[in-house]
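Here's the structure we're looking at; comments come further down.
The values are calculated or read from the model by the stated rules, or taken from the named source; none is laboratory data. What you see is a predicted model, and the numbers here were worked out from it, not measured in a lab. Backbone-built Cβ (ideal geometry, glycine too); neighbour counts: all protein chains shown. With ligands, DNA and RNA removed, areas are computed over all heavy atoms of the protein, side chains included. Shrake-Rupley method; radii C 1.70, N 1.55, O 1.52, S 1.80 Å.
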Amino acid sequence: MPLSLDWNYLIELLPDLYSAFFETLYMVGISIVVAIIVGLPIGILLFVTDKGLFLENTLLKNTVGFVVNMVRSIPFIILLIALLPLAKWITNTTIGPTAASVSLSVAAIPFFARIVEQAFREIDKGVIEASVAIGASPWMIIWQVLIPEARPGIIQGITITIINLIAYSAMAGIVGGGGVGDLAIQYGYYRYDNTVMITTVVVLICLVQIIQFFGDKISKTLDKR
């Protein structure tokens with residue numbers, strides 16, 4: 001079937017597209033907040049407990065790392081379905097953007113944690129050694145040295161995580177998660193509607209480009225190197 005746009009139908013579709021767009025922002029917004037709140041401490045823990053660092057604990061690092069890698073190794077569509085009972089327990093429903101945000105959050109936490117860990121690894125070890133040498137406490141090193149030094153990388157990590165969540169949110173439409181992905185699947189794929197498919201793809205591309213642009217700008221502003 002040739003690709004074409006029905007502009008009159010597109011105008012009629014705008015209210016549904018508007019609603020779906022904000023459902024996507026809602027899902028991604030909840031998930032990235034949860035990812036930062038939970039994933040940032042996990043990323044810090046993975047770094048500071050590594051061999052040769054001031055809170056070295058091989059057993060703890062390996063245990064946390066195993067759990068993080070295990071969750072990351074599960075394809076999102078499988079994780080989405082597997083966590084439907086958890087979504088039901090937390091939100092009292094298995095459909096809609098709120099329920100979908102549960103699986104999105106679980107997928108985002110280990111992903112963001114690894115990015116945070118990598119951002120800390122890019123810090124000059126001399127800075128950390130100097131902080132230890134002057135007797136700074138682990139808490140002071142984390143909050144006054146590690147996080148300020150790693151801010152550009154963390155911002156880039158947040159940007160990458162948001163973009164991944166947008167892609168994941170589109171998959172959530174398969175189980176009625178709402179959002180732009182749900183609109184594309186229910187009206188575009190199942191009904192072979194090119195107008196909906198092309199429009200949703202364009203909307204998602206524009207959204208990703210905007211997020212990447214602002215993420216890069218903020219990261220460069222914070223990078224003092």
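What the table shows:
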{"read-out": "Residue order for TRP139, TRP89 - accessible surface, 1.4 angstrom probe, largest first", "value": "TRP89, TRP139"}
{"read-out": "Rounded accessible area per residue of the chain, 1.4 Å, Å²", "value": "55"}
{"read-out": "Choice from LEU55, LEU79, LEU165 showing the highest fluctuation, given a GNM over the chain with Cα pairs closer than 10 Å", "value": "LEU55"}
{"read-out": "Exposed GluC sites (Glu not before Pro) absent - longest run of the chain, DSSP non-H/G/I/E/B, at most 16 other C-beta within 10 Å", "value": "123-225"}
{"read-out": "Top of MET140, MET27, MET197 by mean-square fluctuation, Gaussian network on the chain, Cα under 10 Å", "value": "MET140"}
{"read-out": "Gaussian network model of the chain, Cα within-10 Å springs - most flexible of GLY52, GLY179, GLY157", "value": "GLY52"}
{"read-out": "Under 5 Å, built H, 5+ apart or other chain: amide partners of GLY96", "value": "GLY177, GLY178"}
{"read-out": "Segment 7-222: relative contact order as a whole-number percent, Cα under 8 Å and 6+ apart", "value": "27"}
{"read-out": "Paramagnetic reach from ASP216 (point 7 Å along Cα→Cβ, amide N under 14 Å) across segment 152-172", "value": "156, 159-160"}
{"read-out": "Helical mean residue ellipticity (222 nm; -39500 (n - 2.57) per DSSP H run of 4+; nearest 500) of the chain", "value": "-25000 deg cm²/dmol"}
{"read-out": "For segment 101-213, radius of gyration divided by Kirkwood radius, i.e. Rg to Rh on alpha-carbons", "value": "1.20"}
{"read-out": "Within straight-line cross-link reach of LYS61, aspartates and glutamates at Cα separation under 13 Å, skipping those fewer than 8 residues along the same chain", "value": "ASP50, GLU117"}
{"read-out": "Reachable lysines from LYS220, criterion Cα separation under 26 angstrom, eight or more residues apart if same chain", "value": "LYS125"}
